[in-house]
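Read the structure below first, then the notes.
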Amino acid sequence: MNDEQKIPDSTIEALARSIFRESTAYGFRQADYLRLVNFFLDITMENGKGRKNEKSSTDTPPFKTVKNQYTKMPLISHRIEIREFNKKQDLARMKEWLEDEMGRYFLLSRSDAKKMDLKQILANKSNLIGIIALPDHKPIGAVAFLDLDPVQKKAELRKLIGDKEMRGMGYAKEACDIWIQYGIHALGLKKIYLNTLNTNLHNIKLNEDLGFKVEGILRNEVYFDDDYHDILRMGLVRS
């Protein structure tokens, strides 16, 4: 692995803390951690050869776009489109999406771990929500820029694939890709940031693939589900 492919130390630390938290809850002792490390090394030796350049068949290929293509909604790619949120058309569906665990994280305030109210988000003019839909116009999720700051030219990114059957198919990555470009080319954003739970490893990897980098780890930042959780602050800066 060359320097460009090297996984950041902050990401590895987040993974280690996640494993530690889960294994401690399970009942691991110090000797168990040593055995775990040995198993990691054994598995690496057994499976490490010939895997450097392997790519999962489920990976979504990088989505290439024409400069300044995404300046006006609907934003259309080869598998999805993103259109403006329509309260009359989309409110009931959004409420349904936000009822499960994934939706709960979409509404979770990263500052105080309290669930934000959808109506308050929609009423705030500094927030912008887009609906992710398939080519046949079937809605499957949402993306958002929260706290749009026209002076500092930055905003917080949030994403949700609300249709459970559509999860794990690369739609979130593709939607974020074109939503980020819309933020840059149409809204003039210089920085896009997000906050994610350190236990959500799939989400961390997706964000890194989109170009986000870990800027810091907020220790025991939020308390919910009877436990404290670290939050990773990740940012994408337009060069």
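Quick check: pseudo-label points 7 Å beyond the Cα along Cα→Cβ at ASP209 and GLU13, how many nm apart are they?
2.5
Using 0.36 nm per residue, how much length does the chain from LYS190 to GLN89 gain when fully extended, once their Cα-Cα distance is taken away? Don't skip to the answer; put the middle values down first.
Working: separation 101, 0.36 × 101 = 36.36 nm, distance 3.17 nm.
Full extension from LYS190 to GLN89 adds 33.2 nm.
To the nearest 0.05, what FRET efficiency results for ARG167 and LEU201 with a Förster distance of 22 Å applied to their C-beta separation? Please list the in-between numbers first.
Details: r = 15 Å, r/R0 = 0.69.
The pair ARG167/LEU201 has a calculated efficiency of 0.90.
Once amide H atoms are placed 1.01 Å from N in the peptide plane, what residues at a sequence separation of 5 or more from MET116, or on another chain, have their amide H within under 5 Å of its amide H?
So MET116 has HN proximity to LEU108, SER109.
Please order VAL237, VAL151, VAL37 by the number of other Cβ within 10 Å, starting at the fewest. Don't jump to the answer; show the numbers that get you there.
Values: VAL237 14, VAL151 5, VAL37 10.
In order of increasing Cβ crowding within 10 Å: VAL151, VAL37, VAL237.
Given the pairs LYS119/LYS191; LYS173/LYS213; LYS95/LYS164; LYS138/LYS164, which are separated by over 18 angstrom at their Cα positions?
Details: LYS119/LYS191 26 Å; LYS173/LYS213 15 Å; LYS95/LYS164 14 Å; LYS138/LYS164 13 Å.
Where the Cα-Cα span goes over 18 Å, the pairs concerned are LYS119/LYS191.
Which value, in Å to one decimal place, does the Kirkwood hydrodynamic radius take for region 68-189 when every pair of different Cα atoms is included?
Values: mean 1/r = 0.0684 Å⁻¹.
It is 14.6 Å.
Only the coordinates and a few stated rules stand behind these numbers; no lab work does. What you see is a predicted model; the values in this text were computed from it and never measured. Cβ: placed from backbone, ideal geometry, glycine included. Neighbour counts: every protein chain shown.
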